[in-house]
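Visitor: The structure is given below, and queries will be raised subsequently.
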Amino acid sequence: MDTDRSLQLAWAAGFVDGEAFVGMNRRHERNGRDYFTAILDVSQNHAKPLARLVELFGGGVKVRRVHKGVGAGTSHYFWRLHGEKAIRALTALLPYLIVKDRQARVLVDFQATMAGYGRKRRITTDAYVYRCGLYALLVELNSRPPSDAERLSEAAPLTLVVNG
């Protein structure tokens, strides 16, 4: 990888570590099961860093005007990637991520469960339970700040126990 690309990815990883939500969207389906999608989401008061993320990984920047409360009259900018696009970006960032490393690894693992499945092919119960477990793990990881040991760990253990 060329040095310029490495520097861009290192910058992006630092930005994602500090500003992004790395998780899953959960949607309840009529069949009683939940449908999960990988999400990489960043919101900012400034559009320039998000434009750089668009250059690196694609997607687009949306803007919303703040009408009430703190920041009324200002604009707020959003960049989001879903599914495979989010996974491609996170995979490129993994060597540089520190704070969101575990979330990114969980999402890469989750996306691997998507191979071969689509609207016409139903997932197995085991695969569905596993995805639910990954979702629960991400909720936990995103609800607490990482400890110093987790942040400094080269490869914090990633475990998932699913009761049968």
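Rule-based calculations on the coordinates, nothing more; no lab input. A quick note: this is a predicted structure, and the numbers were derived from the prediction, not measured. For neighbour counting, all protein chains shown are included, and Cβ atoms are generated from backbone atoms with ideal geometry for every residue, glycine included.
Visitor: Just subtract the alpha-carbon distance of Ser143 and Thr3 from 0.36 nm times their residue separation and send over the number in nm, one decimal. List each step's numbers first, then the result.
Guide: Details: separation 140, 0.36 × 140 = 50.40 nm, distance 3.49 nm.
Gain in length upon complete extension: 46.9 nm.
Visitor: Determine the gain in length on full extension of the stretch His76-Ser43; use 0.36 nm per residue of separation and subtract their C-alpha separation, reporting nm with one decimal. All intermediate terms of the calculation are to be shown ahead of the outcome.
Guide: Working: separation 33, 0.36 × 33 = 11.88 nm, distance 0.71 nm.
Answer, rounded to one decimal: 11.2 nm.
Visitor: Would you mind ranking Thr37, Thr125 by Cβ crowding within 10 Å, fewest neighbours first? Write down the numbers at each step before the final one.
Guide: On the way: Thr37 15, Thr125 9.
Sorted ascending by nearby Cβ count, the order is Thr125, Thr37.
Visitor: Classify the range 2-79: rounded, prolate or oblate, from the alpha-carbon gyration tensor (a ≥ b ≥ c, eigenvalue square roots; a/c under 1.5 rounded; otherwise prolate if a/b is larger than b/c)?
Guide: Working: a/c = 2.56, a/b = 1.17, b/c = 2.20.
It comes out oblate by the Cα gyration axes.
Visitor: For Glu29, Glu84, Glu19, what ranking results if the residue with the fewest other Cβ atoms within 10 Å of its Cβ goes first?
Guide: Working: Glu29 8, Glu84 11, Glu19 16.
Going from sparsest to densest Cβ surroundings: Glu29, Glu84, Glu19.
Visitor: Quick one: if you stick a label point 7 Å off each Cα along the C-beta vector at Asp126 and Trp11, how many nm between them?
Guide: Here the answer is 4.6 nm between the modelled labels.
Visitor: Along the charge dipole of the range 3-152, pointing to its positive end and built from +1/-1 on Cβ of Lys, Arg, Asp and Glu, which listed residue (Thr124, Gln44, Leu9) has its Cα farthest out?
Guide: Thr124
Visitor: Once R0 is set to 25 Å, what does the formula 1/(1 + (r/R0)^6) return for the Cβ-Cβ distance between Thr91 and Arg64, expressed as a FRET efficiency to the nearest 0.05? Display every interim value, and only then the final one.
Guide: Working: r = 29 Å, r/R0 = 1.17.
Between Thr91 and Arg64 the formula returns 0.30.
Visitor: Quick one: net charge of Gly32's neighbours, Cβ under 15 Å, K/R +1, D/E -1?
Guide: Neighbourhood net charge equals +4.
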